[in-house]
Amino acid sequence: EVKRNGKNGFQYYSSVLDEHVMNNIELEAALRKAVDGEQLIIHYQPQISLHNQQVIGVEALLRWIHPEKGLIEPGVFIPIAEETGLIGEIGTWVMREACRQMQQWQQQYGWNIPVSVNLSTQQFHQEKLVSAIESILRETGLHPQYLELEITESMMMDASRSGQILRELTRLGIQISMDDFGTGYSSLSYLKLFPIHKLKIDRSFIKDITSNEDDKAIVSSIIAMAHNLKMNVIAEGVETREQLQILMDNGCDDIQGYYFSRPIPAKEVEQMYLNPLKAAVEEG
Ligand code: C2E
Ligand code: MG
Ligand code: MG
Ligand code: MG
């Protein structure tokens, strides 16, 4: 389990990577090397429509494969990247690579689905965010409608600035998803003020949805609210057929979770597409 020790996540890191404890300077150097040395890779997790059982998108999820330590999860190193400022470079790399990959899939297989990319708080507030994304789209040739950005409620605190950024992004044709919806502390008023296309119900509400009536009530209310506000809604962390059934009964649009697929390497996504997913959905 992730145990964060104060600000730097050092305790978890050193317990996972036991024999050799890195200090923050070594860690930063290791992360920098990871960026330069192709130790970062992206896994993609399919998102499935409950209306037509098709894959309607994939979320790009970053992994660090350390040459000696093995796989290090984003929950561990993203906070460190934020603290050291490396997140700028890492975030740009993820954006470019995810856009490049999706453009290639479109060329090669004709897949017309978007890739979702997570934005960190720092990235979101970077002055050059919009122009940086614009030039990545131009470079990779990905049409903006096939890029979706995942933001979180905590980024909505500075309402006027956040609204401005979101309007610039959507003016380009990019889609905006509110990640981990329901776990932040910001007021709901941003939902009417800002151009947000999709709510992602946080996994914590889905986890006990089959046994906990409160979670079920919260989830069905979020779905109803999203639809009343003309937004799509996707449930995160769906692991069982029973959870899926409740979400279907409540009119949830899409789901993402281990029930269909974990985040997987690009090559496996291609394999998955070659096999009919529809059967997997219908048979459970
Ligand atoms: P997130 O954006 O909410 O991503 C969903 C997380 O839930 C992923 O964890 C995914 O592997 C996990 N997940 C999906 N389905 C299930 C399920 O059925 N059961 C369970 N138990 N988990 C499931 P992951 O990949 O470890 O990423 C954790 C977080 O790290 C992400 O949460 C996101 O906030 C952040 N992150 C990942 N990649 C990036 C990135 O490129 N940039 C930034 N800024 N943050 C990233
Ligand atoms: Mg996300
Ligand atoms: Mg999430
Ligand atoms: Mg999250």
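The values are calculated or read from the model by the stated rules, or taken from the named source; none is laboratory data. Remember, predicted model here, so these are calculated numbers, not experimental data. When we count neighbours, we look across all protein chains shown, and the Cβ atoms used for this are built from the backbone with ideal geometry, even at glycine. The area values use the complete protein model at the heavy-atom level, side chains included, leaving out ligands, DNA and RNA. Shrake-Rupley method; radii C 1.70, N 1.55, O 1.52, S 1.80 Å.
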Subject >> Contour excess over end-to-end distance, with Cα ends at Ser189 and Lys230 and 0.36 nm allotted per residue >> reply: 13.3 nm
Original post:
Where the centroid of each part is defined by its Cα atoms, how far is segment 130-169 from segment 76-114 in Å?
Top reply: 13
**OP:** Identify the chymotrypsin sites (Phe, Trp or Tyr not before Pro) of segment 179-219 meeting these criteria: DSSP loop state and at most 13 other C-beta atoms within 10 Å of the C-beta.
**Re:** Tyr185
Original post:
Kirkwood Rh, segment 125-284, all Cα pairs: how many Å?
Top reply: 17.3
Subject >> FRET E, pair Arg203, Gln54, Förster distance 22 Å, beta-carbon r, rounded to 0.05 >> reply: 0.50
Subject >> Rounded if a/c under 1.5, otherwise prolate or oblate - the chain, Cα gyration tensor axes >> reply: rounded
Original post:
Quick one: with all protein chains in place, what share of the accessible area of the chain is carbon or sulfur, to the nearest percent (1.4 Å probe)?
Top reply: 48
Original post:
For a paramagnetic label modelled at 7 Å from the Cα of Glu127 toward its Cβ, which residues of segment 81-110 fall within the zone defined by backbone nitrogen distances under 19 Å?
Top reply: 85-89, 92
Original post:
When you count, for each residue, the other Cβ atoms within 10 Å and take the mean per peptide, how do 220-229, 65-74, 81-90, 145-154 rank with the highest first?
Top reply: 145-154, 81-90, 220-229, 65-74
Original post:
At a Förster radius of 22 Å, what calculated FRET efficiency corresponds to the Cβ-Cβ distance of Arg262 and Asp36, to the nearest 0.05?
Top reply: 0.20
**OP:** Taking only protein heavy atoms into account and a 1.4 Å probe, give the accessible area per residue of segment 50-173 in Å².
**Re:** 43
**OP:** Indicate the gyration tensor shape class of segment 52-134 (rounded, prolate or oblate), computed on the Cα atoms with a ≥ b ≥ c the square roots of the eigenvalues: a/c under 1.5 is rounded; otherwise a/b larger than b/c is prolate and the rest oblate.
**Re:** oblate
